[in-house]
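The structure under discussion appears below in the form of structure tokens.
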Amino acid sequence: MNIHDTIVAIATPQGRGGLGVVRLSGPDSRAIAEGILRFPVEPRWRPWSSQMAELVDERGAAIDQVVVTYFEQPKSYTAEDMVEISCHGSPVILRFCVERAATAGARLAEPGEFTLRAYLRGRVDLPQAEAVRELIDATTLYQAQVAAQQVEGSVSRRIRPIKEQLLELISLLEAGIDFAEDDVSVAAPDEVLRRLSPIRESVEQLIASFNAGRLVFGGFTLAIAGRPNVGKSSLFNRLLEQDRAIVTDIPGTTRDLVSETTSLRGIPLKLVDTAGIRHGQGLVETLGIERTFQAVADADLVLLILDLSQETTAEDRELLKRLSDRRPLIVGNKSDLPTLLESPVDLIAVSAHTGEGIQALRDMILGRLAPEGLVSPESGSITSIRHAHLLREALEALRQAARAVEFSIPHEMLLIDLYAALRPIDAITGATSADDILNRIFSTFCIGK
């Protein structure tokens with residue numbers, strides 16, 4: 001991939017629409033645009049302004065009337081000259097525009113190459129670049145809000161001070177080793193531990209934020225289980241707010257898993273309605289019950305439904321015992337009917353028929369899955385599994401470094417652990433070069449007077 005080529009791609013989603021945008025980025029963007037467009041007057045390439053033109057074929061025949069917008073380097077998205085051509089949103093016209101641009105000298109962009117160029121030219125850092133993808137893929141407003149803040153640098157702002165403190169410590173130790181003849185003082189063990197402590201605490205806090213942050217884009221799965229005719233499918237439909245599962249008074253109506261995705265306060269929620277669990281039924285229902293237990297095992301949270309209008313049955317007690325290791329949320333359905341159930345455990349009463357208690361149930365579900373509450377979009381919480389894994393790797397290296405100090409390991413060996421902590425942080429924010437370390441050394445210490 002040559003990052004100095006001029007690249008072209010369709011920047012709007014596939015399909016038909018009122019408008020579609022073809023994006024050019026690179027040093028020849030304006031020249032290529034002039035080669036495939038006909039302007040009514042001499043084109044005036046004023047930065048961040050638009051002008052009308054016609055998209056023409058090889059013979060000069062007009063294909064579409066378009067609006068051309070010019071973004072001048074270095075203040076464009078890619079930090080290089082960029083031209084966006086707004087056509088009518090026909091796939092045929094958009095493809096034709098791209099083909100004409102490719103014939104005129106542009107290269108078809110690789111996936112994500114516009115954002116890659118923005119990163120390579122310093123317009124965004126790695127967390128911001130990754131957040132662009134999350135913003136595009138967002139399916140709820142809450143996800144979009146979190147991703148938008150990450151694009152603005154909320155994660156970077158939390159990680160940057162950690163990296164700065166770690167680099168300062170590395171520079172201090174490197175200077176003490178490499179320039180000992182210049183009387184640069186070497187930090188005492190207490191000083192090294194004092195500097196390590198806030199770095200470790202900050203990394204631990206970021207890792208802890210992943211417990212809630214992972215729900216933002218990963219979502220969770222909720223399995224609804226219980227014996228037949230306790231209202232599992234009715235509750236499934238009520239939580240989903242649409243009639244998705246078949247509801248009848250006939251026991252065993254649901255014989256296979258029924259799943260659907262909705263959102264709970266902006267968090268993706270996969271609901272799974274399962275077959276009623278009972279004994280001595282036919283082959284088909286038995287297979288459905290086996291799938292029920294598999295769904296229960298795979299779910300993040302299980303709702304065990306009991307019927308408030310009936311006395312507790314042996315099947316209810318068996319299910320309570322069998323699912324106890326999954327810590328299910330016990331729900332008593334049919335609260336609109338006279339209560340006969342004597343449950344041995346605390347439960348939340350709801351009515352799938354009237355909607356009574358459903359909002360309280362939603363709150364309890366969220367409380368179980370995110371006991372610390374949802375992350376604030378501005379908090380800079382970690383939502384990426386990749387980031388969480390790298391931070392755990394950095395934390396382990398920092399713990400090794402602290403142990404090395406306590407055992408009076410030489411600083412040359414201590415630096416191995418510190419660099420091991422820096423590498424995964426670099427994998428999040430971008431690499432640190434040897435020049436970065438040297439620049440810190442010479443800017444911090446009076447060396448070579």
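Taking the range 103-137 as the search range and keeping residues that are in contact (Cβ under 8 Å) with a residue 60 or more places away in the chain and under 17 Å from the mean Cα position of the chain (by Cα), which one is surrounded by the fewest Cβ atoms within 10 Å (Cβ to Cβ)?
The selected residue is Asp137.
Exactly one of these conditions fails for Ala53: (1) in contact (Cβ under 8 Å) with a residue 12 or more places away in the chain; (2) within 33 Å of the chain's Cα centre (by Cα). Give me its number.
With (1) in contact (Cβ under 8 Å) with a residue 12 or more places away in the chain; (2) within 33 Å of the chain's Cα centre (by Cα) applied to Ala53, the lone miss is (2).
Is one or more of the residues making up the range 324-338 in contact with a Leu (Cβ under 6 Å, 6 or more places away or on another chain), at positive phi and of a type outside the set (Gly, Ala, Ser)?
yes
Look at Leu304 and say whether it is among the aliphatic types (A, V, I, L, M), part of a loop (DSSP other than H, G, I, E, B) and in the same structural domain as Ala225 (by TED's automatic domain parsing). Walk me through how you get there before you give the answer.
On the way: among the aliphatic types (A, V, I, L, M): yes; part of a loop (DSSP other than H, G, I, E, B): no; in the same structural domain as Ala225 (by TED's automatic domain parsing): yes.
Considered against the rule, which asks whether it is among the aliphatic types (A, V, I, L, M), part of a loop (DSSP other than H, G, I, E, B) and in the same structural domain as Ala225 (by TED's automatic domain parsing), Leu304 comes out as no.
Can you pull out every residue in the range 56-78 that is without any contact (Cβ under 8 Å) to a residue 24 or more places away in the chain, outside any strand (DSSP E or B) and touching an Asp or Glu at 6+ places or on another chain (Cβ under 9 Å)?
If the condition is that a residue be without any contact (Cβ under 8 Å) to a residue 24 or more places away in the chain, outside any strand (DSSP E or B) and touching an Asp or Glu at 6+ places or on another chain (Cβ under 9 Å), then Gln73 is the only one that fits.
Is there a residue in the range 79-88 that is more than 24 Å from Val132 (Cα to Cα), more than 36 Å from the chain's Cα centre (by Cα) and in contact (Cβ under 8 Å) with a residue 24 or more places away in the chain?
There is no residue in the range 79-88 that is more than 24 Å from Val132 (Cα to Cα), more than 36 Å from the chain's Cα centre (by Cα) and in contact (Cβ under 8 Å) with a residue 24 or more places away in the chain.
Within the range 141-165, track down each residue that is of a type in the set (A, V, I, L, M), free of Cβ contacts under 8 Å to residues at least 40 places away in the same chain and more than 18 Å from Arg123 (Cα to Cα).
Ala144
Checking Asp325 against (1) among the charged types (D, E, K, R); (2) in contact (Cβ under 8 Å) with a residue 24 or more places away in the chain; (3) in a helix (DSSP H, G or I); (4) exposed (fewer than 13 other Cβ atoms within 10 Å of the Cβ), which single condition isn't satisfied?
Among (1) among the charged types (D, E, K, R); (2) in contact (Cβ under 8 Å) with a residue 24 or more places away in the chain; (3) in a helix (DSSP H, G or I); (4) exposed (fewer than 13 other Cβ atoms within 10 Å of the Cβ), Asp325 violates only (2).
Condition test on Arg95, is it out of contact with any strand residue (DSSP E or B) (no Cβ under 6 Å at 6 or more places or on another chain), surrounded by fewer than 21 Cβ atoms within 10 Å (Cβ to Cβ) and either part of a helix (DSSP H, G or I) or not β-branched (Val, Ile, Thr) (or both)?
So Arg95 passes the test.
How many of the residues in the range 1-51 are farther than 20 Å from Ala104 by Cα, not in a loop (DSSP other than H, G, I, E, B) and not small (Gly, Ala, Ser)?
Qualifying residue count, the range 1-51: 2.
Does Leu308 fit the bill of being at pLDDT 80 or above, more than 23 Å from Ala370 (Cβ to Cβ) and touching a Pro at 6+ places or on another chain (Cβ under 9 Å)?
On the way: at pLDDT 80 or above: yes; more than 23 Å from Ala370 (Cβ to Cβ): yes; touching a Pro at 6+ places or on another chain (Cβ under 9 Å): yes.
The answer is yes for Leu308.
For the range 145-162, which positions are under 10 Å from the mean Cα position of the chain (by Cα) and of a type in the set (A, V, I, L, M, F, W, C)?
Matches in the range 145-162: Val146, Ala147.
Just give me the residues in the range 25-38 being touching a residue at least 12 places away in the same chain (Cβ under 8 Å) and either among the charged types (D, E, K, R) or under 18 Å from His88 (Cβ atoms) (or both), in sequence order.
Hits for the range 25-38 are Asp28, Arg30, Ala33, Ile36, Leu37, Arg38.
The values are calculated or read from the model by the stated rules, or taken from the named source; none is laboratory data. These numbers were taken from a predicted model, which means no experiment stands behind them. Heads up, the Cβs are rebuilt from the backbone with ideal geometry, glycines too, and the neighbour counts pull from every protein chain shown.
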